1. State which residue is surrounded by the fewest Cβ atoms within 10 Å (Cβ to Cβ) when the search covers only segment 127-142 and only residues that are in contact (Cβ under 8 Å) with a residue 60 or more places away in the chain and touching a helix residue (DSSP H, G or I) at 6+ places or on another chain (Cβ under 8 Å).
2. Run I166 past the list (1) β-branched (V, I, T); (2) outside any strand (DSSP E or B); (3) more than 20 Å from V85 (Cα to Cα) and report the number of the one that doesn't hold.
3. Could you grab me the full set of residues in segment 117-148 that are over 26 Å from M318 (Cα atoms) and among the charged types (D, E, K, R)?
4. For segment 340-358, give me the residue count where each residue is modelled with pLDDT of 95 or more, outside any loop (DSSP other than H, G, I, E, B) and surrounded by fewer than 16 Cβ atoms within 10 Å (Cβ to Cβ).
5. Assigned to a strand (DSSP E or B) and surrounded by 24 or more Cβ atoms within 10 Å (Cβ to Cβ): does that describe A114?
6. Could you tell me which residue of segment 289-316 is nearest to E30 (Cα to Cα), considering only residues that are assigned to a loop (DSSP other than H, G, I, E, B) and out of contact with any Leu (no Cβ under 6 Å at 6 or more places or on another chain)?
7. Being among the acidic types (D, E) and either within 15 Å of the chain's Cα centre (by Cα) or closer than 30 Å to H45 by Cβ (or both), is that true of even one residue in segment 219-239?
8. For segment 235-245, check the following and say yes or no: at least one residue is in contact with a helix residue (DSSP H, G or I) (Cβ under 6 Å, 6 or more places away or on another chain) and closer than 20 Å to R158 by Cα.
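The values are calculated or read from the model by the stated rules, or taken from the named source; none is laboratory data. If you're wondering where the values come from, they're calculated on a predicted model, not measured in any experiment. Here Cβ is always computed from backbone atoms with ideal geometry, including for glycine, and neighbour counts include all displayed protein chains.
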Amino acid sequence: MIDLKRRFKELFGVWPRIFRAPGRVNLIGEHTDYNDGFVMPVAIHLSTWVAAAPRLDCKLVVHSESFSETLVLGDAVENSWSRYVLGVARVLEGMGCSPFGANLLIHTDLPIGAGLSSSAALEVAVGYALLSLSGMVLELTDLAGACQRAEHEFAGVRCGMMDQMIACHGGAQHALLLDTRSLEYELLPLPDDVTVVVSNTRVKHDLATTKYNTRRAECETAARALGRSLRDVPSSDLEKSRMGLPENIYRRARHVVTENARVQCAAVALKNKNIDQFGRLMYESHRSLRDDYEVSCRELDVMVEIASSLDGVVGARMTGGGFGGCTVNLVRKDRVEDFQLVLTGRYEKATGLQPEVYVCAAAPGVEEVS
């Protein structure tokens, strides 16, 4: 990251330390994290880097290369990207990190608004950098919780903790099986002959202004009606209660209940090296997100349909909050090049949009890189 160091030196006059946090793609377990459920994300090599150095005053000065602007952050920040930075700083201060000044330079190769958790990568990278500069020690799970609070309180997105946890605890060549209630997690090795390929529909979403918060409220309504967290509701009990629930509330609950079961089955499939069963569960997940949770869109459905017709594709589904963004595909390594070429052509013909396709290596979590 010598170029990032040099750019920082040109901007702020001193040499920085460099910190990195990964984006993520979720293999299975969508919209279960804020329902105390199970998820299985993968940290990817596409990341956010923060170059950082302390200041002598208490100002927090941040330059974003993506937005080509430098801001001095105060208590009231309306800017879409800087509120994440300020939020993390304020939450950490509330946890005992003494206020201090810092210069930050933010660089990312994560596509913003594509559902690859660019916001959590930013939060975790900034949080880790500020902690490191201040000398405060915080467990990574506690850092993930602090970043989740920042997103709730400063960005207005009532997200679960999956994105921040995978940004902190990701492992190279591994998926993370996470229990979002207990925050217990297990790293599961990915097969050597399969590659994670992410396809960006080029339809952007903004979780704070879409139906994300509505879906969470609908799940909370279902949980109150059923008298317990959806994570604890067996399918049989949900079916017995169906007549007492509004149809949309029932379908939201059915997605969460069945998706939790799919994640647990997918973990068994990975441990048994049954990647074909894992792929079938991915397709089932997409159908549930499309029909019961209603967070897909035409472009996502088209992309999954194309992928499902191609040789060498083990499984495909939408990933992330929905309403646009990306699909995740498990593709045999010897078919990746063909997959990229054919998917791009067919998707562009069907939608008029040219997708972006990323061949992703499973990466480690947050770290200081130099």
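1. The first filter runs over segment 127-142 and keeps only residues in contact (Cβ under 8 Å) with a residue 60 or more places away in the chain, leaving 128-130, 132-133, 140.
Narrowing the set further to residues that are touching a helix residue (DSSP H, G or I) at 6+ places or on another chain (Cβ under 8 Å) leaves 128, 130, 140.
Numbers: Y128: 26, L130: 25, L140: 17.
Per the criteria, the residue is L140.
2. (3)
3. Step one: list which residues in segment 117-148 are over 26 Å from M318 (Cα atoms), which gives 126-143, 146.
The answer is E139, D142.
4. Counting residues in segment 340-358 that are modelled with pLDDT of 95 or more, outside any loop (DSSP other than H, G, I, E, B) and surrounded by fewer than 16 Cβ atoms within 10 Å (Cβ to Cβ) gives 5.
5. Values: assigned to a strand (DSSP E or B): no; surrounded by 24 or more Cβ atoms within 10 Å (Cβ to Cβ): yes.
Considered against the rule, which asks whether it is assigned to a strand (DSSP E or B) and surrounded by 24 or more Cβ atoms within 10 Å (Cβ to Cβ), A114 comes out as no.
6. Quick first cut of segment 289-316, residues assigned to a loop (DSSP other than H, G, I, E, B) only: 292-297, 309-312.
Going one step further and asking which of them are out of contact with any Leu (no Cβ under 6 Å at 6 or more places or on another chain), we end up with 292-294, 297, 309-312.
Values: D292: 12, Y293: 10, E294: 12, C297: 15, S309: 23, L310: 24, D311: 26, G312: 24 Å.
It comes out as Y293.
7. We begin by selecting, within segment 219-239, every residue among the acidic types (D, E); these are 220, 232, 237, 239.
Pick out the ones that are also either within 15 Å of the chain's Cα centre (by Cα) or closer than 30 Å to H45 by Cβ (or both) and you get none.
The answer is no, given that none of the residues of segment 219-239 is among the acidic types (D, E) and either within 15 Å of the chain's Cα centre (by Cα) or closer than 30 Å to H45 by Cβ (or both).
8. no
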